[in-house]
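First the structure, in the form of structure tokens, and then the observations on it.
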Amino acid sequence: MLCHTALDRAALVARHWATHDCPVVIHVDKRVKRKAYDGLLQALADLPNVRFSGRHACEWGTWGIVAATQEAATIMLRQFPQVRHVYLSSGSCLPLRPVAELVRYLDERPRTDFIESVTTEDVGWTIGGLDVERFTLRFPFSWRKQRRLFDGYVRLQRRLRFKRRVPAGIVPHLGSQWWCLTRQTLSAILDSPEREEIDRYFRRVWIPDESYFQTLVRQVSAQVESRSLTLSKFDFQGKPHIFYDDHLQILRRSDCFVARKIWPHADRLYATFLSDDPGNQPAAEPNPGKIDRLFARAVERRTKGRAGLYMQSRQPNENWENGRTAAPYSVFEGFSDLFDNFEIWLGKATGTRVHGHLFAPDRVHFAGGDSVYNGAMSESPEMRDYNPKSFLTNLIWNTRGERQCFQFGPADNQALNQFIAGDSNAQISVISGAWAIPLFHSNRNFGDIRREAALLQKVEADYLAVLRSSWVKARVRIWTLAEFVENPMEPLQTIVDEISPRSLRRLTEAPRLADLTGFGQFLQNLRNQGMQPVLMGDFPTSGALPSGNARRGRPYLVK
Amino acid sequence: MLRLARKRWLVRAFRKRRELQAVSDRTAQIAPDQILLYSTFRNERIRLPFFLNYYRDLGVNHFLMVDNGSDDGGREYLATQPDVSLWTTNHSYKRARFGVDWLNWLQFKYGHDHWCLVVDPDEFFVYPFCDTRPLRALTDWLDASSIKSFSAMLLDMYPKGPFDAQPYHEGQDPFEIAQWFDSGNYTIQRNKKYGNLWIQGGPRARMFFADLPERAPALNKIPLVKWHRSYAFSSSTHMLLPRGLNQVYDEWGGEKASGVLLHAKFLDTFARKAEEEMERKQHYANSHEYRAYRLAMAKEPDLWCKWSEKYINWRQLEILGLMSKGNWA
């Protein structure tokens, strides 16, 4: 048992093993203060089958830990001849199942060595990119205290293509430090005639505690079971996950023999697992799947996060968002100008939440005219324009699970054009030039209309230029007004199918087209006044348009 | 530049130390590794008992409190508490940069190498697993992960109906009354100079600052720091120096662990407080905030709306995306 902190807990666990007839050899890090060490000696003084080995300084990643293990293992083999399996554990390990079950388990497998041992090519878990290089470079500097020198020296060696010679017969393997080896295997490693040479080599290997026994066991063992009996999970920085009281149930159900590492103040875990309740469970195989998933999720949360979430501890740089928004949504430009009551129709046809012009200058037009919306978002245009990106990402985040659609137009705040165009969750449909229809219907002086039209056309043209950029990730569809009016059902069907692919109904009811009688003439008037309306496409000046049908007040059916 | 600013705050804190007068100095009890809580207050007597007990239960070992001229018996009450060291001052709160100078000094003197939690008496710290793991579990994990500062955004809690409908009584959990919060109307900007985030929004922005959102109070806070005597808070606990400590957020898509400070400001005590603070004129930006409150208070505001969220526990805040477990599992 290798200890360096929380010696009171180590004493508790050592006592548990020892009183269940398992001899214990304890190594205490040399850096532990004398007083604490003496306290541990005192605490275990009454136990005849507990020994202490000579102390080494165990800095992480260095040889000290292997030296300590070797010495302690030697004592174990020499002083307790009845021992058949030696289990390497730490002061923060905790047995999860009755000792008798572990003993029985090992009795049934008297020749098996449990040690995770994987060739360097096959490991995916090394942190910092050092795997084979652990064996072929030199590491004279401390990783913890001299990180710059450490990294610099590694870089230098790489550049010089420096390579250490790996001793003959050694095939580097890596694996968890916590193993359980048989007397035969362990003694073969410790009493090997070449041990001196091998030790000299491993002294300069990086993190030898994860490779020394893992490599040598391959030479001497008849039966290697490449897994650790100790449940020990590492996070993305390579430090072990810690178990707390609230992990009690999940630890119990894991059926693992030993877990690491336990928070020293997890009173309930220590009390529960070190008590002698005969939990007569069936002799199950260890099954850490649930815990694996728990920790895998934690690592994923830390490295990838929740898509579309912007909060106090997640503020991704541009293009590192893993999704700019939380869910798909649709933006409609021109539709509510061309159709009467388009929002109501769309809501019925797709079963989604359809807002008005969310970015309108007068206020935020939430669905149903609400003044506050999901997440307590305000309708105040000042608040929206203060940070439009937060506004949109909040809206999509708050309504996860319910698709949002909203209207957009050249009169609205254009600040988010680039953001939305680069968002793969956005579905953007534009009928270009449709903004002219409300102008056409308005009762304003023609001079004003002309000025307004020129402005809106300019804004929309800029927007269309953005939507046609090569970097756009949104699903973009653009029609001119003339194109769309000619055949409105087909595009509508496509859009609706994309929004709710499962329904796959044919649209039976079309939204009602606005009255376009005389619209062609209106455009001609604009031209005559010196403004060139181009975004509508080719509208004939005469009123011969299919839109004339709509005036009859009867929606047409598509069979 | 920032180094100079930091030195300046520290010198300022050193000068302001004379304004503090010890009422009960129990700092000799502070043992290495203990978790310390720092706070300034004025006339918060009614809140103090619950405040102390809340943080004692989390595992705070010692309270270092600065009383700014209370006359409601709060000072006398705290002087009798065995785990509180108390200082008092009648000097200007505003000129001590809203108490920051005083606390910077006390942290410099007593906080070095301790985890220090800096909160107001109406702020209640919630962190991942706070219902099953003590604060020590969090700080141990932060130590093991080499994390020195921990973010907890301010979350304004409010009752349904007028503030004074349910009077708060001493010792009561304020969140029995102020149960509601806004779940998703927060705006975030990055402060390039200091590297911190600037978060605004919530019910205060929605009700009191809807037409002047840039004036809405900042909600980003970094209340928990493994203190070093060279550190300094530069503007309340919104940001601190050196600026690396403000990097409590991940920029590459991941989530760092974070918590929330539940803000029990909006109780029946609020109207009186707003009046008092207006008269003292001791608050930030010419007490603009309090002026806005007073205007709105005349209309008996109800912060509650149909999208208000009722507080359940930290897991709810996690799911809503207001805080994160990060890679703590």
> In the range A:46-103, what count of residues is obtained for those that are in a helix (DSSP H, G or I), buried (at least 16 other Cβ atoms within 10 Å of the Cβ) and among the polar types (S, T, N, Q)?
Replying inline: 3
> Restricting the first residue to the range A:164-178 and requiring it to be touching a residue at least 12 places away in the same chain (Cβ under 8 Å) and under 15 Å from A:Arg200 (Cα atoms), which pairs with a second residue that is acidic (Asp, Glu) and outside any strand (DSSP E or B) meet a Cβ separation below 7 Å and a spacing of at least six or different chains?
Replying inline: A:Pro167/A:Glu197
> With B:Leu303, B:Leu241, B:Leu262 as the choices, which residue is within 22 Å of B:Tyr127 (Cβ to Cβ) and buried (at least 19 other Cβ atoms within 10 Å of the Cβ)?
Replying inline: B:Leu262
> Can you tell me which of B:Leu37, B:Leu78, B:Leu10, B:Leu64 is part of a helix (DSSP H, G or I), under 30 Å from B:Gly195 (Cβ atoms) and among the hydrophobic types (A, V, I, L, M, F, W, C)?
Replying inline: B:Leu10
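Just checking, which of B:Arg204, B:Arg190, B:Arg95 is more than 10 Å from chain A (Cβ to nearest Cβ) and surrounded by fewer than 21 Cβ atoms within 10 Å (Cβ to Cβ)? Break it down stepwise before answering.
Numbers: B:Arg204 fails: surrounded by fewer than 21 Cβ atoms within 10 Å (Cβ to Cβ); B:Arg190 fails: more than 10 Å from chain A (Cβ to nearest Cβ).
On inspection, the qualifying residue turns out to be B:Arg95.
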> In the range A:276-385, which helices (runs of 4 or more DSSP H) lie fully inside it and hold 2 or more residues that are within 14 Å of chain B (Cβ to nearest Cβ)?
Replying inline: A:289-303
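Just to check your reading of the model, which residue among A:Ile396, A:Ile431, A:Ile437 is in a strand (DSSP E or B) and surrounded by 17 or more Cβ atoms within 10 Å (Cβ to Cβ)? Steps first, please.
On the way: A:Ile396 fails: in a strand (DSSP E or B); A:Ile437 fails: in a strand (DSSP E or B).
Sole residue among the options that is in a strand (DSSP E or B) and surrounded by 17 or more Cβ atoms within 10 Å (Cβ to Cβ): A:Ile431.
Residues being assigned to a helix (DSSP H, G or I) and under 21 Å from A:Thr120 (Cβ atoms): count how many of those fall in the range A:130-158.
From the range A:130-158, those assigned to a helix (DSSP H, G or I) are A:133-136, A:147-158; that's our starting set.
With the extra rule that they be under 21 Å from A:Thr120 (Cβ atoms), the set shrinks to A:133-136, A:150-151, A:153-155, A:157-158.
Qualifying residue count for the region: 11.
Regarding B:Phe50, is this residue touching a helix residue (DSSP H, G or I) at 6+ places or on another chain (Cβ under 8 Å), in contact (Cβ under 8 Å) with a residue 24 or more places away in the chain, under 21 Å from B:Asp173 (Cα atoms) and part of a strand (DSSP E or B)?
Details: touching a helix residue (DSSP H, G or I) at 6+ places or on another chain (Cβ under 8 Å): yes; in contact (Cβ under 8 Å) with a residue 24 or more places away in the chain: yes; under 21 Å from B:Asp173 (Cα atoms): yes; part of a strand (DSSP E or B): no.
Here the answer is no, as B:Phe50 does not meet what is asked.
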> Which of the residues spanning the range B:138-167 are hydroxyl-bearing (Ser, Thr, Tyr), surrounded by 22 or more Cβ atoms within 10 Å (Cβ to Cβ) and assigned to a strand (DSSP E or B)?
Replying inline: B:Tyr158
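Only one of these is more than 14 Å from every other protein chain (Cβ to nearest Cβ), closer than 29 Å to A:His16 by Cα and of a type in the set (Lys, Arg): A:Arg252, A:Arg218, A:Arg268. Name it. I'd like the intermediate steps shown before the answer.
Working: A:Arg218 fails: closer than 29 Å to A:His16 by Cα; A:Arg268 fails: more than 14 Å from every other protein chain (Cβ to nearest Cβ).
The unique qualifying residue is A:Arg252.
Could you list, in sequence order, all residues of the range A:272-300 that are among the acidic types (Asp, Glu) and either in contact with a Leu (Cβ under 7 Å, 6 or more places away or on another chain) or modelled with pLDDT under 70 (or both)? Break it down into steps so the answer makes sense when it comes.
Initially, the range A:272-300 is screened for residues among the acidic types (Asp, Glu), giving A:276-277, A:285, A:292, A:300.
Across the range A:272-300, the qualifying residue is only A:Asp277.
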>> Being surrounded by 19 or more Cβ atoms within 10 Å (Cβ to Cβ), without any contact (Cβ under 8 Å) to a residue 60 or more places away in the chain and closer than 30 Å to B:Gln34 by Cβ: is that true of B:Leu135 here?
In response: no
> Does any residue in the range B:1-30 that is within 20 Å of B:Tyr93 (Cβ to Cβ) come within less than 6 Å, Cβ to Cβ, of a residue that is of a type in the set (D, E, K, R) six or more places away or on a different chain, and which pairs are these?
Replying inline: B:Arg12/B:Asp101; B:Ala13/B:Asp101; B:Lys16/B:Asp101
> Does B:Asp113 fit the bill of being farther than 25 Å from B:Gly321 by Cβ, at the interface with another protein chain (Cβ under 8 Å from one of its Cβ atoms) and of a type in the set (Asp, Glu)?
Replying inline: no
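Rundown of residues vs (1) within 12 Å of another protein chain (Cβ to nearest Cβ); (2) within 30 Å of B:Met297 (Cβ to Cβ); (3) of a type outside the set (A, V, I, L, M, F, W, C), yes/no style:
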| position | (1), (2), (3) |
| --- | --- |
| B:Thr132 | yes, no, yes |
| B:Leu142 | yes, no, no |
| B:Asp164 | no, yes, yes |
| B:Asp173 | no, yes, yes |
> Regarding A:Pro533, is this residue in contact with an Asp or Glu (Cβ under 9 Å, 6 or more places away or on another chain) and touching a residue at least 60 places away in the same chain (Cβ under 8 Å)?
Replying inline: no
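Would the range B:239-254 turn up any residue that is part of a loop (DSSP other than H, G, I, E, B) and more than 30 Å from A:Gly323 (Cα to Cα)? Step through it out loud before you land on a result.
Residues of the range B:239-254 that are part of a loop (DSSP other than H, G, I, E, B), as a first pass: B:242, B:247-249, B:251-254.
Of the ones still in play, those that are also more than 30 Å from A:Gly323 (Cα to Cα) are B:242.
Yes; the residues of the range B:239-254 include at least one that is part of a loop (DSSP other than H, G, I, E, B) and more than 30 Å from A:Gly323 (Cα to Cα).
The values are calculated or read from the model by the stated rules, or taken from the named source; none is laboratory data. Remember, it's a predicted structure, so these values are computed and weren't measured experimentally. Neighbour counts are summed over all protein chains in view; Cβ atoms, including those assigned to glycine, are modelled from backbone coordinates with ideal geometry.
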